[in-house]
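In what follows, a single structure is set out as structure tokens and then discussed.
Please treat every number below as a calculation from the coordinates, not as lab data. Since we're looking at a predicted model, the values are computed, not measured. We place every Cβ from the backbone using ideal geometry, glycine too, and count neighbours over all the protein chains shown.
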Amino acid sequence: MNETIAELDIRFEQFYAANFPRVKNFAKLLTKSEEDAEDIAQNIFLKLWTRPELWQDQETMTGYLYTVTRNEIFNLFKHQKVEQEYEDKVLKAQLLGELCDEDSSLLENLYYKEVLMLIRMTLSQLPDRRRRIFEMSRFEGLSHKEIADKLQIPLRTVEDHIYKTLTELRKVLMFVILFRLFP
């Protein structure tokens, strides 16, 4: 079939008129955005225009168009996710930069001492046995088995006490982090 460019243009216009609204509406249904739906539909038909062999002998390509539209939407969502992660990363870096300015070593030292003080306070409020088990593990470097043998208690009890202590410390540290980020 030897069509002229003008004939090809006319056939594409007809194909476009018949299918563009359907593709755009489907994209809008999934993206909930008129602007994104318009962009997606335009991109699809631009790609189709450059590959007439795909649409030339077709009145409609409903299944193909829906699949291509869905894939374009997935690509849009992936791109938006990457952008959001990058923005979050930049925002965190800016916040940390503001906190640490030029006196970063002095500030880090103060934060370190403050966190250490909070850890000590948290440990001092624990039951004696739990605190002692945690100190033996973290400060004296004993294994769970060595602690269990030394205190003549089950290994599972040692693990449970250390787990509960770490949970308490995480709560305190999360509070400190949130307080620093959102004063």
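Give the share of C-alpha pairs in each 10 angstrom bin for region 5-91, from 0 to the last occupied bin, in whole percents, shortest bins first.
P(r) over region 5-91, rounded to whole percents: 17, 44, 25, 11, 4, 0.
At 0.36 nm per residue, and after removing the present C-alpha to C-alpha distance, how many nm does the segment from residue 47 to residue 173 gain when stretched out fully?
Values: separation 126, 0.36 × 126 = 45.36 nm, distance 5.21 nm.
Full extension of this stretch gives 40.1 nm more.
Would you mind getting me the FRET efficiency between residue 139 and residue 89? Use the beta-carbon distance for r and R0 = 41 Å, nearest 0.05. Don't jump to the answer; show the numbers that get you there.
Details: r = 35 Å, r/R0 = 0.85.
In this case the efficiency is close to 0.75.
How much length, in nm to one decimal, is gained on full extension between residue 78 and residue 64, taken as 0.36 nm per residue of separation minus their Cα-Cα distance? Intermediate results must be reported in sequence, preceding the final value.
Values: separation 14, 0.36 × 14 = 5.04 nm, distance 2.11 nm.
Stretched fully, the residue 78-residue 64 segment lengthens by 2.9 nm.
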